1. Name the residues in region 32-48 that are out of contact with any Pro (no Cβ under 9 Å at 6 or more places or on another chain) and either outside any helix (DSSP H, G or I) or of a type in the set (V, I, T) (or both), would you?
2. The conditions are (1) assigned to a helix (DSSP H, G or I); (2) out of contact with any helix residue (DSSP H, G or I) (no Cβ under 8 Å at 6 or more places or on another chain), and W65 fails exactly one of them. Which is it?
3. Might you check whether a residue that is in contact (Cβ under 8 Å) with a residue 24 or more places away in the chain, under 12 Å from the mean Cα position of the chain (by Cα) and either loosely packed, with under 12 Cβ neighbours inside 10 Å or under 24 Å from S40 (Cα atoms) (or both) occurs anywhere in region 84-94?
4. Identify, please: which residue in region 1-23 is among the charged types (D, E, K, R) and under 17 Å from L83 (Cα atoms) and is, among those, modelled with the lowest pLDDT?
5. Restricting attention to region 1-31, and to residues there that are over 18 Å from the mean Cα position of the chain (by Cα) and assigned to a loop (DSSP other than H, G, I, E, B), which single residue is surrounded by the most Cβ atoms within 10 Å (Cβ to Cβ)?
6. I need the full set of residues from region 48-73 which are modelled with pLDDT under 90, on the phi < 0 side of the Ramachandran plot and of a type in the set (G, A, S), in order please.
7. Would you confirm whether or not region 42-64 contains a residue that is in contact (Cβ under 8 Å) with a residue 40 or more places away in the chain and of a type in the set (D, E)?
Amino acid sequence: MERIGIAASKIAKGNLLLYNFFVVLLILLISLPIFLVAGSSIVIALIVIAYVTSHGVPPDLQQGWIPMMVACLKVLAIIVGILVICALGINIRFRKHE
């Protein structure tokens, strides 16, 4: 998480407003692909589990599996959100470092 601040400080070159902007931008650019990759792997895994447990007939994903997928993705969003808040807390600056 500290590498985000290092990269943002190199891009901003001493400008505090630009530094904070690039910190937020880099955090969003990193967390969005993490959420998409992890979320798609969760959905694919649950679909495979649904087909394996249905014993040859196509499973009804709408009734039993979609609410479980939504719950898993909400938990993933909460975890990614907590990590984003931690990264912001570590890297955001209100005063210029000497």
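1. Within region 32-48, I34, V37, I42, V43, I44, V48 qualify.
2. (2) is the only condition that W65 fails.
3. Yes, region 84-94 contains a residue that is in contact (Cβ under 8 Å) with a residue 24 or more places away in the chain, under 12 Å from the mean Cα position of the chain (by Cα) and either loosely packed, with under 12 Cβ neighbours inside 10 Å or under 24 Å from S40 (Cα atoms) (or both).
4. Filtering region 1-23 for residues that are among the charged types (D, E, K, R) and under 17 Å from L83 (Cα atoms), the one modelled with the lowest pLDDT comes out as E2.
5. So the residue we want is N15.
6. Of everything in region 48-73, those that are modelled with pLDDT under 90, on the phi < 0 side of the Ramachandran plot and of a type in the set (G, A, S) turn out to be A50, S54, G64.
7. no
The values are calculated or read from the model by the stated rules, or taken from the named source; none is laboratory data. Being a predicted model, the structure only gives us computed values, none of them experimental. Every residue, glycine among them, receives a Cβ derived from its backbone with ideal geometry; neighbour counts consider all protein chains shown.
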